[in-house]
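Some notes on the structure that comes next.
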Amino acid sequence: MKVIVLGAGIVGVTSAYQLAKSGHEVTVVDRQKGPALETSFANAGEVSFGYCSPWAAPGIPAKAMKWLFMKHAPLILRPKLDMAMLSWMARMLSNCTSERYATNKSRMLRLADYSRIALAELRAETGIAYDERMQGTLQLFRTQQQLEASAKDVKALAADGIPYEVLDRDGCIRFEPALKHVRDKIVGGLLTPKDETGDCFKFTNALAAKAEALGVRFAYDTTIKALDVEAGRVRGVITDRDRMSADAVVVALGSYSPLLLKPFGIRLPVYPVKGYSLTIPITDASRAPESTVMDETYKIAITRLGDRIRVGGMAEISGYTNDLGFARRSTLEHSVTDLFPGGDVSKASFWSGLRPMTPDGTPVIGPTKIIGLFLNTGHGTLGWTMSTGSARLIGDLVGGRTPEIDARDLSINRYG
C-alpha cells in the first residue's frame, strides 16, 4: 500500500522503517528540516523498559499540591481557560487510583518489554550506533519514605516478570561509583537492570537514513494542513505544497495529533506537558554517572551519553508554549550538581520539548473510525522507550496482521 506517516520524530521514523520493511511504499511528512528536531531532539536519553510508570498514581494529587510550592518543583502548572487542558487534567486525576494505576502500568510494561526485544533486534540488523549503553536505571531515593513508597512499583515489576533489585546506600554506590561523593544524601534505590540509555536524536537520524535506503521518501519542510477524507475513508493528506494520496495514513504528530483529528470528530485526549533538559560536557568521568540515575525527589533523570551528561525532567502544564524559563534551568542544575558535583554547568545547552501525554500514561496505537487512518501517538515521556515496539504494532495493524502482543487496550476505543 501507499502509506503516509505524519511526523518525523522517533515514533514516526520507527513506524516508517517498519512499514517499509513490510513492503509498503512510505512517505514521511514533517514541518521541520530533518528528523527528530522537536520532542525527540534532546530528551532525557532513558530507554526505560523497567522504570516505566504512569504519572497518574495514588497520592499524586496530594503530592502535586506540595510540589506547586517547592522552589525546585517537578510539576509546574500554569492554568488557563483551555477546555482541552481542564478536561485532560480531570481525566488524569480520575486515573489516580490503585486499580487504574495497576492496569495502566501493566499496559505500559507490556509494550515497553516488547520494545526492548524489538530494539535489540533492530540494533542487530542495522548496526546503528547512538551512544548506547545497556547498564540499567537506578531510581535514587533520598528519604526512607521514598524507599518505602517504591513497594507498589516493586509489586508491579514482579507481577510482570520485569527484573529489579532494591539497593541500600552501599548497593547504589556499587552500581554508580560517583555517588560515593554524596553518600550521606541517599538512603537507597530501585535498580531496573534491563534499562538502556542512548541519544534519541542520533538514533532517529541513523534510522531515517536506513529507511531511505529501503525506499522511504521524506518530505521535510512541509506543513500538514488537513487530512483528505471521503465517505469515511482516508484518501490522503493536504499540505502547504500539494495533495498527497494514500491508502493509509499514520498520525505520529505527538502533542499536535489532536489538532489534526478534531475536525473529523476524533477526540484524542493527548495534551502537551513540557519537559526540559541540559546537555553538559563531561570534564571528569569519575564524577559522572555510568548509566541513568533518576532523582526521585525532583523527578529528574541524569544520563550518560558518550562524553556528555543529559539532565532531563519536570512537567510543565502550560499549553502549546515552548519558551525556556531560567527557573527550570536552575532546577536541573541543582539536581545534577547536588548528586554529581564537579561538572561545569555553565557550558550546558538548555532545551525544552512538548511531551504528548495521555491521562492514563499509555500511548494510543491503532485504527480509528475512519478507514485507513491509524494513530501512533501519546507516548508522553516514553516515546524513545516504546518506539520500536509501537512501530511493530502499527506495522502489523496497517498490514492487517494480528500483532504479537495484545494491542486492543492501547487503541482509542478505551476512551469510549
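The values are calculated or read from the model by the stated rules, or taken from the named source; none is laboratory data. Predicted model only: the values in this text are computed from it and were never measured. Quick reminder, even Gly has a Cβ in these numbers, built from the backbone with ideal geometry, and neighbours come from all protein chains shown. The accessibility values were calculated without ligands, DNA or RNA, using every heavy atom of the protein model including side chains. Shrake-Rupley method; radii C 1.70, N 1.55, O 1.52, S 1.80 Å.
How many residues are in a loop (DSSP other than H, G, I, E, B) and either surrounded by fewer than 19 Cβ atoms within 10 Å (Cβ to Cβ) or small (Gly, Ala, Ser) (or both) when one looks only at region 13-30?
Final tally of qualifying residues: 2.
Are there any pairs, at least 6 apart or on different chains, whose C-beta atoms fall under 9 Å, with the first in region 47-76 and β-branched (Val, Ile, Thr) and the second loosely packed, with under 13 Cβ neighbours inside 10 Å, and if so, which?
From residues that are β-branched (Val, Ile, Thr), the pairs are ILE76/LEU68; ILE76/ALA327.
With region 102-200 as the region, which strands (runs of 3 or more DSSP E) entirely inside it contain at least 3 residues that are open to solvent by 10 Å² or more (accessible area, probe 1.4 Å), under 23 Å from THR297 (Cβ atoms) and touching a strand residue (DSSP E or B) at 6+ places or on another chain (Cβ under 7 Å)?
Filter on region 102-200 gives 165-168.
Given the condition within 30 Å of GLN139 (Cβ to Cβ), buried (at least 18 other Cβ atoms within 10 Å of the Cβ) and touching a residue at least 24 places away in the same chain (Cβ under 8 Å), answer yes or no: does some residue in region 241-254 qualify?
yes
Check whether at least one residue in region 36-53 is in a loop (DSSP other than H, G, I, E, B), open to solvent by less than 30 Å² (accessible area, probe 1.4 Å) and modelled with pLDDT under 90, and report yes or no.
Yes: one or more hits.
When you look at ALA206, is it over 24 Å from GLN146 (Cβ atoms), among the aliphatic types (A, V, I, L, M) and surrounded by fewer than 23 Cβ atoms within 10 Å (Cβ to Cβ), yes or no?
Yes: the conditions hold for ALA206.
Taking the residues in region 272-289 that are touching an Asp or Glu at 6+ places or on another chain (Cβ under 6 Å) and part of a loop (DSSP other than H, G, I, E, B) as candidates, determine which candidate is modelled with the lowest pLDDT.
Among those that are touching an Asp or Glu at 6+ places or on another chain (Cβ under 6 Å) and part of a loop (DSSP other than H, G, I, E, B), it is THR283.
Give the residues of region 288-302 that are touching a Gly at 6+ places or on another chain (Cβ under 6 Å) and either of a type in the set (D, E, K, R) or open to solvent by 10 Å² or more (accessible area, probe 1.4 Å) (or both), sorted by residue number.
The one that is touching a Gly at 6+ places or on another chain (Cβ under 6 Å) and either of a type in the set (D, E, K, R) or open to solvent by 10 Å² or more (accessible area, probe 1.4 Å) (or both): LYS299.
Of everything in region 303-315, what is at negative phi and either modelled with pLDDT of 95 or more or surrounded by fewer than 19 Cβ atoms within 10 Å (Cβ to Cβ) (or both)? Give them in sequence order.
THR303, ARG304, LEU305, ASP307, ARG308, ILE309, ARG310, VAL311, GLY312 - these are the residues of region 303-315 that are at negative phi and either modelled with pLDDT of 95 or more or surrounded by fewer than 19 Cβ atoms within 10 Å (Cβ to Cβ) (or both).
So which of LEU332, LEU324 is without any contact (Cβ under 8 Å) to a residue 60 or more places away in the chain and open to solvent by 50 Å² or more (accessible area, probe 1.4 Å)?
LEU324
Go through region 344-355 and give me each residue that's over 10 Å from LYS274 (Cα atoms) and either within 23 Å of the chain's Cα centre (by Cα) or open to solvent by less than 40 Å² (accessible area, probe 1.4 Å) (or both).
Once the filter is applied, which keeps residues that are over 10 Å from LYS274 (Cα atoms) and either within 23 Å of the chain's Cα centre (by Cα) or open to solvent by less than 40 Å² (accessible area, probe 1.4 Å) (or both), region 344-355 yields VAL345, ALA348, SER349, PHE350, TRP351.
Restricting attention to region 164-197, report how many residues are of a type outside the set (S, T, N, Q), under 30 Å from GLY9 (Cβ atoms) and touching a helix residue (DSSP H, G or I) at 6+ places or on another chain (Cβ under 8 Å).
Going through region 164-197 one residue at a time, the tally reaches 5.
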